[in-house]
Amino acid sequence: MIKAGDTPASARPSAEKGASTSMQDIYGYHAHVYFNAQTLDQARALCEAAAEKFAVQMGRVHQKRVGPHPEWSCQLAFGHEQLADITLWLALNRDGLVVFMHPLTGDELRDHTDHAIWMGAVRPLNLSALTG
């Protein structure tokens with residue numbers, strides 16, 4: 001199981017702008033479940049169910065904006081072997097919550113933009129949090 005922080009970005013090769021990324025460059029995935037005060041309990045239940053069902057690492061349930069995320073969020077961290085199952089499960093069980101997924105390659109900007117997968121309405125990210 002991939003844990004958040006297992007391989008820091010500084011230890012990963014950085015992709016040059018415009019360079020292609022291969023599957024071998026991906027060392028894990030994050031799914032960020034977005035919520036607000038009204039959907040807090042729903043999001044917490046979804047993340048806890050995912051963590052229990054798939055043995056993924058569940059991060060904090062942030063009741064504030066963190067990093068590039070424009071809404072409150074909870075992170076799920078997982079590896080290649082769980083990607084398909086978690087993606088399908090979240091698609092079927094998110095019940096209106098927005099889920100933002102991305103691979104971990106060491107290039108945070110590209111991971112959060114070019115390589116992003118959205119379930120629900122796309123939200124504008126605070127990209128300065130990734131480049132500053």
Scalar couplings 3J(HN,Hα) for region 92-97 by Karplus 6.51 cos²θ - 1.76 cosθ + 1.60 (θ = phi - 60°), nearest whole Hz, x for Gly and Pro, are 7, 10, 6, 6, x, 6
Rounded, prolate or oblate: which fits region 26-117, taking a ≥ b ≥ c as square roots of the Cα gyration tensor eigenvalues, rounded meaning a/c under 1.5, else prolate when a/b beats b/c? oblate
For a quick protection proxy, order the peptides 88-94, 30-36 by their average other-Cβ count within 10 Å, most packed first. 30-36, 88-94
Among 65-74, 52-61, 96-105, what's the highest-first ranking by average C-beta atoms within 10 angstrom per residue? 96-105, 65-74, 52-61
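All of the numbers you see were taken from the coordinates with simple rules; none came from a lab. Bear in mind that the values here come from a model prediction, so they are computed numbers and not experimental data. Don't worry about glycine lacking a Cβ; one is built from the backbone with ideal geometry, like all the others, and counts go over all protein chains shown.
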